C-alpha cells in the first residue's frame, strides 16, 4: 500500500524598512523543511522522495522591495512507489513591484520507474524581477530515467510571459527529444532590465532566446550534471557580465 504524503509549505518575505529583507512567514510541512541561512531560504528534504503518490506544494510571496533567494541543500531524487502512482510537486510564487525572486534549486534526478510532474507558476507585478533556474538529470548512473514533466508558467504585469513544458516520458531516448543528452536545464531571467531584450545565441547544446516580454530564456543540454551547470553558468555570464 502506498504511503503517499501530502504537504504544503509557505515562505513570505517583506522589506524590513532599512534596505533589507525579513521573513514574515517560514512554515515547513512534512518533507518540505525550510531553513534560513547565508542570505537565502534553503529547502531541506526531511524525508526521501518525492515518491509515487506524494503531493507536495511550496508557496512563496515576495513583498514590494524585498529579495527572496530560494535554494535547496541537495539534489532531489524522484522515486517510484510499488503501485506506479504519479508524484506531484507544485511551486507557486507571487512577486510584488520592485521585488526579486531568485530560485535556483539543486537538480532533480529522475530515477528509474518514477512518474513525476512539477508545475511552477510565477506571477510578477510590473517592476518585479525573476531569476529561475531548473536542472534535470535523466536517471542515476547506469540506469534509464523515469517519466518526468516540468511545467513553468510565468506572467508579468498580468500578461503571459512564458508557457513552457518539458515532458520526459517513454520517448526520452528518441534523438528527436534530447538526443544523447543525460541532463537538461533552463534559466529564465525576467524583469525591467530585460525590456530591451537580449541578443539571441545558439550553439550545439545551448540556446539564448529573448522573449516577447521583458525576459530571456536559456536552454541547455549536456551529457552530465556537471557539464550542464557549466553551460548554464556560461550563458548567465554572457547575459550578466
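Below are the figures for this structure:
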| item | result |
| --- | --- |
| When residues of the stretch 48-71 are limited to those that are under 13 Å from residue 4 (Cβ atoms) and in a strand (DSSP E or B), the one modelled with the lowest pLDDT | 51 |
| Qualifying positions in the stretch 200-211 - in contact with a helix residue (DSSP H, G or I) (Cβ under 7 Å, 6 or more places away or on another chain) and assigned to a loop (DSSP other than H, G, I, E, B) | 205 |
| Elements of type strands (runs of 3 or more DSSP E) contained in the stretch 1-47, each with 2 or more residues being out of contact with any helix residue (DSSP H, G or I) (no Cβ under 9 Å at 6 or more places or on another chain) and over 22 Å from residue 74 (Cβ atoms) | 6-15, 21-27 |
| Qualifying positions in the stretch 90-105 - surrounded by fewer than 19 Cβ atoms within 10 Å (Cβ to Cβ) and either under 11 Å from the mean Cα position of the chain (by Cα) or closer than 14 Å to residue 51 by Cα (or both) | 90, 92, 102, 104 |
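Rundown of residues vs (1) modelled with pLDDT under 95; (2) outside any loop (DSSP other than H, G, I, E, B), yes/no style:
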{"position": "189", "(1), (2)": "no, yes"}
{"position": "193", "(1), (2)": "yes, yes"}
{"position": "198", "(1), (2)": "yes, no"}
{"position": "216", "(1), (2)": "no, yes"}
{"position": "219", "(1), (2)": "no, yes"}
{"position": "229", "(1), (2)": "no, yes"}
{"position": "233", "(1), (2)": "no, yes"}
{"position": "237", "(1), (2)": "yes, yes"}
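The values are calculated or read from the model by the stated rules, or taken from the named source; none is laboratory data. Because the structure is predicted, anything quoted here is derived from the model rather than measured. Cβ sites come from the backbone with ideal geometry, for glycine too, and all protein chains shown count toward neighbours.
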